[in-house]
Amino acid sequence: MNKQDFDKLMQAQTETNGGKRLLLHCCCAPCSSACLERLKDDFKITVLFYNPNIEDEEYSRRKNELLRLISETGWADFIDCDHNEAEFYDAVKGLEDAGEGSCRCLKCFELRLGKTKEIADELGYDFFTTTLTISPLKNAQAINEIGKRLGGDKWLYSDFKKRNGYLRSIKLSKEYGLYRQNYCGCKFSKRESERK
């Protein structure tokens, strides 16, 4: 896929498909805040919290913050997947020492988006996407390529960092008093963050 403006593609999809059901994979409350705010008037949203890459204590903390945000805003419904870290470790076996943003991350994206697609199909959602593209540290091109390959026309393109999305997530995090983590979630990214 050639480099494209995924935010403009999403806006075009939204104009012609507004009001449909969207399954939104979410990694944490801060990233979700600006994405949900942007999408809430155009879709009936259900948040999917499927993140086997996140360690136990951190997983619970992020999930609870996301539940609190949804409860306070009413912007979405919520689906929680079983937390099975073994799925993540199996997916990235042999890539443990690959750096942040490497092929290890691509495997992780594919794992989480694959599960999101599976649940979207099973429950009859019109579209699925992820909040991951709001991070300046995440490759929106790669995420959209994976999503489109897995989901075809059900994939809602995104690059939520566009239109000041990341800045808006910081402001909303302050407004709602959200816990903001400083690493992706897996023990490998935590180790890298601590070294820096």
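The values are calculated or read from the model by the stated rules, or taken from the named source; none is laboratory data. Only a predicted model underlies this, so the values are computations on that prediction, with no experimental measurement involved. No Cβ is skipped: glycine too gets one built from the backbone with ideal geometry, and neighbour counts run over all protein chains shown. Protein only, heavy atoms only, side chains kept; ligands, DNA and RNA dropped before computing areas. Shrake-Rupley method; radii C 1.70, N 1.55, O 1.52, S 1.80 Å.
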Any trypsin sites (Lys or Arg not before Pro) in the range 75-177 that lie in a DSSP loop and have at most 11 other Cβ atoms within 10 Å would be Lys93
Reported to the nearest 10 Å², Thr16 has, with a 1.4 Å probe, an accessible area equal to 110
So for R0 = 25 Å, FRET eff. of Lys40-Lys174 from the Cβ-Cβ r, to 0.05, ends up at 0.80
Within the range 34-69, the residues whose backbone N lies under 13 Å from a label point placed 7 Å from the Cα of Leu123 along the Cα-to-Cβ direction are 44-50
Taking 0.36 nm per residue of separation between Asp80 and Asp153 and subtracting their Cα-Cα distance, the length gained on full extension comes to 23.8 nm
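Can you give the convex hull volume per residue for the Cα atoms of the range 35-83, as a whole number of Å³?
Details: hull volume 3.5 nm³, N = 49.
In the range 35-83, the Cα hull volume divided by residue count equals 71 Å³.
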Averaged per residue, the 1.4 Å probe accessible area of the range 118-158, protein heavy atoms only, in Å², is roughly 37
Rounded to a whole %, the carbon-and-sulfur portion of the accessible area of the chain at a 1.4 Å probe is 46
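Once fully extended, how much extra length lies between Asn64 and Glu15, figured as 0.36 nm per residue of separation less the alpha-carbon to alpha-carbon distance? Provide the component values of the computation, followed by the final result.
Details: separation 49, 0.36 × 49 = 17.64 nm, distance 3.26 nm.
Here the segment from Asn64 to Glu15 would lengthen by 14.4 nm.
Is there a pair in Lys3/Lys138; Lys3/Lys93; Lys107/Lys171 whose C-alpha atoms are over 25 Å apart, and which pairs would that be? Write down the numbers at each step before the final one.
Details: Lys3/Lys138 15 Å; Lys3/Lys93 29 Å; Lys107/Lys171 31 Å.
Flagged as over cut-off: Lys3/Lys93; Lys107/Lys171.
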Whole-Å distance linking the alpha carbon centroid of the range 165-196 with that of the range 64-106 is 13
